[in-house]
Amino acid sequence: MPMTRLQYLLDCLAEECAEIAYHASKAQRFGLDDVNPHQIEPDNNRETIIYELNDLAAVIQMLQDEPGGFEGQFIHSPERIAAKKKKIEESIKYSRNLGMIE
């Protein structure tokens with residue numbers, strides 16, 4: 001059975017998240033300024049991640065506009081973003097105390 005447009009967009013969402021994870025891993029191992037000599041486009045890891053983040057933003061906007069998706073919901077909540085930043089900073093501090101971060 002064919003998928004709906006919403007299902008297709010959700011698949012695109014998962015794909016973009018996977019691509020961001022892949023390129024973040026490459027940047028972690030080789031650095032943000034590294035350029036893979038085997039890739040077609042000579043972007044460094046930083047540029048590639050930015051490109052993929054914009055792709056993700058496009059899919060998020062499409063899901064916000066899609067009936068039955070996240071229609072009418074404000075995804076970029078300043079309160080949720082602030083709470084997440086605080087949680088990450090606490091996690092970094094804990095990791096630093098364990099000697100895992102310089």
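Residue-wise test of (1) of a type outside the set (A, V, I, L, M); (2) touching a residue at least 12 places away in the same chain (Cβ under 8 Å); (3) over 25 Å from GLU19 (Cα atoms).
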residue: PRO42; (1), (2), (3): yes, no, no
residue: LEU53; (1), (2), (3): no, yes, no
residue: ILE81; (1), (2), (3): no, no, no
residue: LYS84; (1), (2), (3): yes, no, no
residue: ARG96; (1), (2), (3): yes, no, yes
residue: MET100; (1), (2), (3): no, no, yes
- line: Of (1) outside the structural domain of ILE101 (by TED's automatic domain parsing); (2) modelled with pLDDT under 95; (3) exposed (fewer than 13 other Cβ atoms within 10 Å of the Cβ), ASP43 fails just (3)
- line: When the stretch 58-67 is checked residue by residue, the ones that are without any contact (Cβ under 8 Å) to a residue 24 or more places away in the chain and touching an Asp or Glu at 6+ places or on another chain (Cβ under 9 Å) are ALA58, GLN64, ASP65
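Just name the residue that is nearest to ARG29 (Cα to Cα) out of those in the stretch 45-102 that are among the charged types (D, E, K, R) and in contact with a Leu (Cβ under 6 Å, 6 or more places away or on another chain). Break it down stepwise before answering.
So in the stretch 45-102, the residues among the charged types (D, E, K, R) come out as 46-47, 52, 55, 65-66, 71, 79-80, 84-87, 89-90, 93, 96, 102.
Going one step further and asking which of them are in contact with a Leu (Cβ under 6 Å, 6 or more places away or on another chain), we end up with 46, 66.
Numbers: ARG46: 13, GLU66: 37 Å.
Taking the candidates together, the pick is ARG46.
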task: Collect the residues in the stretch 58-102 that are surrounded by 11 or more Cβ atoms within 10 Å (Cβ to Cβ), among the small types (Gly, Ala, Ser) and either touching a strand residue (DSSP E or B) at 6+ places or on another chain (Cβ under 8 Å) or at pLDDT below 90 (or both), keeping them in residue-number order.
output: GLY69, SER77
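The values are calculated or read from the model by the stated rules, or taken from the named source; none is laboratory data. All of these numbers come straight from a predicted model, not from anything done at the bench. Using ideal geometry, Cβ is built from the backbone for each residue, glycine included, and neighbour counts are taken over all protein chains shown.
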